[in-house]
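Only one structure is covered here, and it is reproduced in the block below.
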Amino acid sequence: MRPNLLFPHRLRAIGWLLTIPGLVLGYLTVYNDYKIPDFGMQLRKSSELFLPAYENFTNELALALVITGLLFIAFSKQKHEDELTAKIRLNALYWGILVNYACYALFMALSLLNAYINIKGVEDVVDLFSDKFAFMIYNLFTPLIIFIGRFYYLLFKSKNEYTVSAVRFLPNKPYRLLGKILTVVLILIVAISAITNSNDDLSGDILYVLPFAMLLWVYSKEKQEDEYISSVRLSAMQIAVYANYIILIVSSVLVYGPDFILVMLINLSTIPAIFLLVFNYRLYKIKQEDGHEQKNNLTLGIL
């Protein structure tokens, strides 16, 4: 399992220099409504509902700094990159994504509880931790933070232990097929709702649930799970993370106001969605290459 798709080692220090001021700026923007003076542009002649005429880009700058910095910290090469480091990175990446969605599942449970609970005192606590908008903001970068924490913990642990536990996947049957069916059905419902402009509330609810269907697919084994498949998984997951955050940064610049809430909602599903596209495409190419090789061997055998 060779290390690939990694930044040069020196970018890790630059990552910290971007992340720390980005987090400070983000905190001031979200909780103190701070805006860098004159850091924006006139987008429309007059203000509309939820759409100011002048758009300040302080929050977009904070988001770009944090995400770029965390990507550099997470995916910069170590001084000594080897097969063990690659296995640790795969373990941490899958573990980080899984823990993030476990937190998401807890958030969903609290949101449902919040809709029905009427116990004084408890209701306030549940409401605090089930704020959808706040959760979607944190979700923009928590997968990277969890991954970084897990990765460096395993690196520290590997100084005394020269092995890393394998990533645990669900059995191929029935979870892989179940994940595929649920994913396709939910996407079809959202697509039909979007085309017919009907029941936007249903589409929104499905987008909250869709990641769990995809995760059944992502975290279920292939029929033949080996070291080479693990390498393909690592590469596909890294591409998914990179692509997800590139899309997010571009969207933060191009999309404003309430429309960006939809971007954050879709962002809940983009990492598993991109992973599934890349991973299954690469498996398809591998099968094609194996088929051509077998065909060529058969032809040579006949000759």
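The values are calculated or read from the model by the stated rules, or taken from the named source; none is laboratory data. For clarity, every value in this text was computed on a predicted model and none was experimentally measured. Positions of Cβ are backbone-derived with ideal geometry, glycine not excepted, and every protein chain shown enters the neighbour counts. Surface areas here come from the heavy atoms of the whole protein model, side chains and all, with no ligands, DNA or RNA. Shrake-Rupley method; radii C 1.70, N 1.55, O 1.52, S 1.80 Å.
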With criteria (1) open to solvent by 60 Å² or more (accessible area, probe 1.4 Å); (2) at pLDDT 85 or above, Phe39 comes up short on (2)
The residue from Ser220, Ser230 that alone is open to solvent by less than 30 Å² (accessible area, probe 1.4 Å) and modelled with pLDDT of 85 or more is Ser220
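For (1) open to solvent by less than 90 Å² (accessible area, probe 1.4 Å); (2) modelled with pLDDT under 80; (3) part of a helix (DSSP H, G or I), each residue gets a yes or a no:
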position	(1), (2), (3)
Ile239	yes, no, yes
Leu248	yes, no, yes
Val253	yes, yes, yes
Phe260	yes, yes, yes
Asn267	yes, no, yes
Ala273	yes, no, yes
Leu277	no, no, yes
Leu283	yes, no, yes
Thr299	yes, yes, yes
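I'd like the full set of residues that are β-branched (Val, Ile, Thr) and modelled with pLDDT of 85 or more, limited to region 86-134.
Matches in region 86-134: Ile88, Ile97, Val99.
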Cβ pairs under 8 Å, 6+ apart or interchain, first in region 1-23 and crowded, with 16+ Cβ neighbours inside 10 Å and among the polar types (S, T, N, Q), second assigned to a helix (DSSP H, G or I) and at pLDDT 90 or above, ordered by first then second residue, are Thr19/Leu65; Thr19/Val66; Thr19/Gly69; Thr19/Leu70; Thr19/Ile73
